[in-house]
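The values are calculated or read from the model by the stated rules, or taken from the named source; none is laboratory data. Because the structure is a prediction, the values reported are computed rather than measured. No Cβ is skipped: glycine too gets one built from the backbone with ideal geometry, and neighbour counts run over all protein chains shown.
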Amino acid sequence: EAGVTQFPSHSVIEKGQTVTLRCDPISGHDNLYWYRRVMGKEIKFLLHFVKESKQDESGMPNNRFLAERTGGTYSTLKVQPAELEDSGVYFCASSLKISTDTQYFGPGTRLTVL
Amino acid sequence: GIQVEQSPPDLILQEGANSTLRCNFSDSVNNLQWFHQNPWGQLINLFYIPSGTKQNGRLSATTVATERYSLLYISSSQTTDSGVYFCAVEGQAGTALIFGKGTTLSVSS
């Protein structure tokens with residue numbers, strides 16, 4: 001069984017540009033989460049989808065971040081326009097059940113904003 | 001919100017030594033997971049352990065939910081055990097994992 005996959009693995013962009021990150025959860029997992037770790041800080045929650053609906057987006061830092069999960073399968077996270085402080089590693093995770101279940105993490109996308 | 005504290009922040013071991021990593025959390029939890037972040041940055045699931053004890057090879061974990069702490073034991077450490085170990089909890093009010101700052105383990109041969 002394939003794990004959570006993320007694309008790209010690395011992205012280097014200039015301030016003001018747009019970047020779109022993609023996450024493919026484990027097949028059959030309705031729950032999909034985005035997290036990020038900015039330099040020197042803890043891993044922080046961004047948002048949670050149940051199928052195509054946003055269950056919790058309390059961690060989204062501002063309106064420059066837009067997450068979608070059309071059709072309840074893969075998800076995209078768009079940053080527009082990117083700022084220097086957006087640099088970090090963006091992780092995606094998925095789980096079968098909501099709460100009380102293991103969240104499986106993808107390998108992450110390392111975003112560098114110059 | 002829930003606070004998660006991990007100790008020690010850094011740990012240096014010789015190959016073959018045993019170690020105990022601790023995770024304290026400030027409120028009741030539905031979920032507690034231990035992860036190992038390898039040198040490539042990947043988060044590897046070690047244990048899902050909101051309570052009780054589990055073992056997987058040289059690793060074992062114990063969570064005492066009533067006292068709000070979890071321990072990760074690494075026995076006969078190997079250089080491949082090096083990396084950052086994270087504890088993450090999910091509070092009863094939400095579904096997001098809240099991560100500690102991690103313990104950085106360095107195992108030398």
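Name the residue that is farthest from B:K101 (Cα to Cα), counting only residues in the range B:8-31 that are surrounded by 15 or more Cβ atoms within 10 Å (Cβ to Cβ), within 14 Å of chain A (Cβ to nearest Cβ) and at pLDDT 95 or above.
The residue in question is B:F25.
Looking at the structure I just gave you, is B:G41 modelled with pLDDT under 95 and within 20 Å of A:K44 (Cβ to Cβ)? Steps first, please.
Values: modelled with pLDDT under 95: yes; within 20 Å of A:K44 (Cβ to Cβ): yes.
Yes.
Taking the conditions exactly as written (surrounded by 21 or more Cβ atoms within 10 Å (Cβ to Cβ), at pLDDT 95 or above and under 21 Å from B:Q33 (Cβ atoms)), does A:A93 satisfy them or not? Step through it out loud before you land on a result.
Values: surrounded by 21 or more Cβ atoms within 10 Å (Cβ to Cβ): yes; at pLDDT 95 or above: yes; under 21 Å from B:Q33 (Cβ atoms): yes.
Against the criterion (surrounded by 21 or more Cβ atoms within 10 Å (Cβ to Cβ), at pLDDT 95 or above and under 21 Å from B:Q33 (Cβ atoms)), A:A93 qualifies.
From the list B:V89, B:V64, which residue is within 14 Å of the chain's Cα centre (by Cα) and surrounded by fewer than 19 Cβ atoms within 10 Å (Cβ to Cβ)? So that I can check it myself, show each step before the final result.
Values: B:V89 fails: surrounded by fewer than 19 Cβ atoms within 10 Å (Cβ to Cβ).
Result of the check over B:V89, B:V64: B:V64.
Six or more apart or on different chains, Cβ under 7 Å: which pairs go from a residue in the range A:38-58 that's at the interface with chain B (Cβ under 9 Å from one of its Cβ atoms) and farther than 21 Å from A:G88 by Cβ to one that's in a loop (DSSP other than H, G, I, E, B) and small (G, A, S)? Could you list them?
none
Among strands (runs of 3 or more DSSP E) lying entirely in the range A:71-114, which contain 3 or more residues that are hydrophobic (A, V, I, L, M, F, W, C) and at the interface with chain B (Cβ under 10 Å from one of its Cβ atoms)? Let's see the steps before the verdict.
Working: elements: A:75-79, A:88-95, A:109-113.
Output list reads A:88-95.
Within the range B:37-93, considering only strands (runs of 3 or more DSSP E) that don't extend past its boundaries, which have at least 1 residues that are farther than 22 Å from B:L13 by Cβ and among the hydroxyl-bearing types (S, T, Y)?
Working: elements: B:43-48, B:52-56, B:59-64, B:69-74, B:83-91.
Answer list for the range B:37-93: B:43-48, B:52-56, B:59-64.
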